[in-house]
1. Suppose we filter Met201, Met215 for residues that are farther than 18 Å from Lys137 by Cα, open to solvent by less than 40 Å² (accessible area, probe 1.4 Å), modelled with pLDDT of 90 or more and within 25 Å of the chain's Cα centre (by Cα); which single one remains?
2. Can you tell me which residue among Gly170, Gly183 is surrounded by 14 or more Cβ atoms within 10 Å (Cβ to Cβ) and either among the acidic types (Asp, Glu) or out of contact with any Lys or Arg (no Cβ under 9 Å at 6 or more places or on another chain) (or both)?
3. Residues of segment 139-163 being in contact (Cβ under 8 Å) with a residue 24 or more places away in the chain, within 17 Å of Arg187 (Cβ to Cβ) and either touching a Leu at 6+ places or on another chain (Cβ under 7 Å) or not in a loop (DSSP other than H, G, I, E, B) (or both), which ones?
4. I'd like the full set of residues that are surrounded by fewer than 15 Cβ atoms within 10 Å (Cβ to Cβ) and not charged (D, E, K, R), limited to segment 155-167.
5. Confirm whether Pro77 is in contact with a helix residue (DSSP H, G or I) (Cβ under 9 Å, 6 or more places away or on another chain), in contact (Cβ under 8 Å) with a residue 60 or more places away in the chain and farther than 20 Å from Ala2 by Cα.
6. Any residue at all in segment 229-249 that's part of a helix (DSSP H, G or I), in contact with a Phe, Trp or Tyr (Cβ under 8 Å, 6 or more places away or on another chain) and at pLDDT 90 or above?
7. Any chance segment 136-154 includes a residue that's charged (D, E, K, R), over 19 Å from Leu108 (Cβ atoms) and surrounded by 18 or more Cβ atoms within 10 Å (Cβ to Cβ)?
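The values are calculated or read from the model by the stated rules, or taken from the named source; none is laboratory data. Since this is a predicted model, take the numbers as computed values, not measurements. Here the Cβ is made from the backbone with ideal geometry for all residues, glycine too, and neighbour counts use every protein chain on show. Note: areas computed on protein heavy atoms with side chains; ligands, DNA, RNA excluded. Shrake-Rupley method; radii C 1.70, N 1.55, O 1.52, S 1.80 Å.
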Amino acid sequence: MASEWFFEYEIQVNRPGLLGDISSLLGMLRVNIVTINGVDEGRRGMLIKAEKKENIERFEHIASTMETIQLTKFREPKLRDRLAVRHGRYIQRDADDKKTFRFVRNELGLLVDFMAEIFKQEGHKLIGIRGMPRVGKTESVVAASVCANKKWIFLSSTMIKQTIRSQLAGDEFSDRNIFILDGIVTRKSNDEKHLQLVREMMRMPTIKVVEHPDMFIQHSEYSIDDFDYIIELRHTPDEQITYEMMEKNHGMSDKGMTGFGGFGGFNF
């Protein structure tokens, strides 16, 4: 069975024909190039595939002796590797907290692709999204659900009007669905049926997305350690994510949401 590997190298001597030499070497070893792209300044990444692992290992040994390049990564591809080759850059990850990934608004395409790949996986995944209003959090989750061919279910939301679900019906309980809730709305809810529904959903082996996870865990049995991924989305890289203004906005009901005008809230 063919296996894929991620191969990244840094160019030491940028001469004409370098990529051709590497491609020819791969071809002689019966290793196919699946995808190739620049992934960082002076670096190039490849997804390669071979029927025999020995051919991959031989290529790694020969490439490590080449003076024109320096191997920086050679491994079975991770999700970040695949997306880096696909989009031409790596997703930014927190240096201290490896489960926190950072995006800015002009990277919404990369963010949607990242979440869609997570949504395609089976079983339980708890994802938290931090970000200020109108940065594209909910729209990105919905778009990723479409890309992953999954149905999305809002348990609580302020996207078009304030939504607080107290029950689900029919196929809404399917583990194929993506459950989305707004942590501020749910935390402020006094509806015990809604809170019971949230607890029931959290126990299901499916994918849950919580906007404002830091507010969601307040006065609850959940902690930030329960989350598998934390995504931070900003308008600019140095934007501060604060909650005072958001709590005031979420205190409003339909009155503050009329500016959306139907599905106008999907503003990419």
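1. On the way: Met215 fails: farther than 18 Å from Lys137 by Cα.
Exactly one of Met201, Met215 is farther than 18 Å from Lys137 by Cα, open to solvent by less than 40 Å² (accessible area, probe 1.4 Å), modelled with pLDDT of 90 or more and within 25 Å of the chain's Cα centre (by Cα), namely Met201.
2. Values: Gly170 fails: surrounded by 14 or more Cβ atoms within 10 Å (Cβ to Cβ).
It is Gly183.
3. Phe154, Leu155, Ser156, Ser157
4. Initially, segment 155-167 is screened for residues surrounded by fewer than 15 Cβ atoms within 10 Å (Cβ to Cβ), giving 161, 166-167.
Of everything in segment 155-167, those that are surrounded by fewer than 15 Cβ atoms within 10 Å (Cβ to Cβ) and not charged (D, E, K, R) turn out to be Ser166, Gln167.
5. Values: in contact with a helix residue (DSSP H, G or I) (Cβ under 9 Å, 6 or more places away or on another chain): yes; in contact (Cβ under 8 Å) with a residue 60 or more places away in the chain: yes; farther than 20 Å from Ala2 by Cα: no.
When the stated conditions are applied, Pro77 does not pass them.
6. Checked against the condition, which is being part of a helix (DSSP H, G or I), in contact with a Phe, Trp or Tyr (Cβ under 8 Å, 6 or more places away or on another chain) and at pLDDT 90 or above, segment 229-249 yields no hits at all.
7. Narrowing segment 136-154 to residues charged (D, E, K, R): 137, 139, 150-151.
Of the ones still in play, those that are also over 19 Å from Leu108 (Cβ atoms) are 151.
Filter again for surrounded by 18 or more Cβ atoms within 10 Å (Cβ to Cβ), leaving none.
No - not one qualifying residue is present in segment 136-154.
Rundown of residues vs (1) under 26 Å from Glu192 (Cα atoms); (2) at pLDDT 95 or above, yes/no style:
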residue: Phe101; (1), (2): no, yes
residue: Met115; (1), (2): no, yes
residue: Ile118; (1), (2): no, yes
residue: Gly128; (1), (2): yes, yes
residue: Pro133; (1), (2): no, no
residue: Ala143; (1), (2): no, yes
residue: Ala148; (1), (2): no, yes
residue: Gln162; (1), (2): yes, no
